[in-house]
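Reading through the structure tokens given below for one structure.
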Amino acid sequence: MMESKKYSILYAEDNREVQTEVVEYLQKYFKEIYVANDGREALKLYNEQRVDSLLLDIDMPFIDGLAVAKEVRVSDKNIPIVMLTAFTDTDKLLCATELHLCKYLVKPIELLGFRHMIKKLLVEIDELQSHKLEIAPNYVWNSDAKELYYNNQLISLTQKEQTLLALFIQKRNECVAFTEIMALVWEDDFDKEVSIQSVKFQVTLLRKKLPKNSIQNVYGKGYIFS
């Protein structure tokens, strides 16, 4: 399992005794561990660090773990989140289900169950990372979800922008012709006349969400994404 020490995790827990024990165990599996003592600190660390997963206690000062997870889900729908709690409250369980958690553990944590959780978490991170591509500094493209992130924040893309960016990434450093863009991006609009001006307008919209000069014009032909 030591080869899995390439990922990071944000761990939030206000009980220092439990925190010490869990961190010691997490060090066997994760390259970086960012520790928060409450929900407010957890959100601050999440916004500062590019973590691969989160382990959150529900009952924390200032902001509880479910509220932290809900806030994280606004910007990242896919990052694996594990929730720890000493409660078995039905309402909390239902809320946690809606947040698409990787796993839900009840404290006190049983070691075997914790090991299973870590194994499942690492598998989920592996699968998620296999779909991630850094297309520019701090810009990450998730090819599976067709989502673009900048500094861990989700950038809103229309369906046409998603399709166009996926095409540019697939053809990176190659000239993508106007006709190829028309055929793919407007494939559901076969009964409508699509002009080169429509393509140019769509590219202009996408450029606003990418690093400057990442999409270059090829006069009379199309574009190159680099």
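Equivalent ellipsoid semi-axes for the range 133-225, as square roots of 5 times the alpha carbon gyration tensor eigenvalues: give them largest first, rounded to whole Å.
22, 15, 11
How far, in nm, would the chain grow between Gln170 and Arg40 when pulled straight, counting 0.36 nm per residue and subtracting the alpha carbon separation? Could you put the intermediate results ahead of the total?
On the way: separation 130, 0.36 × 130 = 46.80 nm, distance 3.95 nm.
Length difference between fully extended and current span is 42.9 nm.
List every DSSP H helix in the chain whose Cα atoms extend 20 Å or more along the helix's own long axis and whose mean Kyte-Doolittle hydropathy is at least -0.5. Don't skip to the end; give the middle numbers.
Numbers: long enough: 111-129 (27 Å, 0.37).
Helices meeting the criterion: 111-129.
So what is the 222 nm mean residue ellipticity for the chain from helices alone, if each DSSP H run of at least 4 adds -39500 (n - 2.57) and you divide by all residues, rounding to the nearest 500 deg cm²/dmol? If you can, show how the numbers build up before the last one.
Values: 8 runs with 92 residues, N = 226.
After summing the helix terms and dividing by residue count, I get -12500 deg cm²/dmol.
How much of the calculated P(r) for the range 56-160 lies past 23 Å, in percent of all Cα pairs? Please list the in-between numbers first.
Numbers: 1967 of 5460 pairs.
Considering the range 56-160, 36 percent of its Cα-Cα pairs are separated by more than 23 Å.
Can you give the charge dipole size of the chain about its Cα centre, rounded to the nearest 20 debye, using +1 on the beta carbon of Lys and Arg and -1 on the beta carbon of Asp and Glu? Please list the in-between numbers first.
Details: 29 positive and 34 negative charges, 182 e Å.
Once rounded to the nearest 20, the dipole reads 880 debye.
Using the Kirkwood formula over every pair of different C-alpha atoms, what hydrodynamic radius in Å results for the chain?
Values: mean 1/r = 0.0509 Å⁻¹.
About 19.6 Å for the chain.
Note down the net charge around Leu148, summing +1 for each Lys or Arg and -1 for each Asp or Glu among other residues with Cβ under 14 Å from its Cβ.
After counting each charged neighbour, the total is +2.
Could you tell me which of the pairs Lys132/Lys208; Lys31/Lys212; Lys44/Lys160; Lys120/Lys209; Lys70/Lys132; Lys77/Lys212 are separated by over 24 angstrom between their Cα atoms in the structure shown? The partial results should precede the final answer.
Working: Lys132/Lys208 21 Å; Lys31/Lys212 33 Å; Lys44/Lys160 33 Å; Lys120/Lys209 34 Å; Lys70/Lys132 22 Å; Lys77/Lys212 26 Å.
Beyond 24 Å: Lys31/Lys212; Lys44/Lys160; Lys120/Lys209; Lys77/Lys212.
Distance between Cα centroids, the range 34-84 to the range 11-30: provide it in whole Å.
Going from one Cα centre to the other spans 15 Å.
Rule-based calculations on the coordinates, nothing more; no lab input. No experiment lies behind these values; they were computed from the predicted model shown. Please note: Cβ atoms are built from the backbone with ideal geometry, for glycine as well, and neighbour counts cover all protein chains shown.
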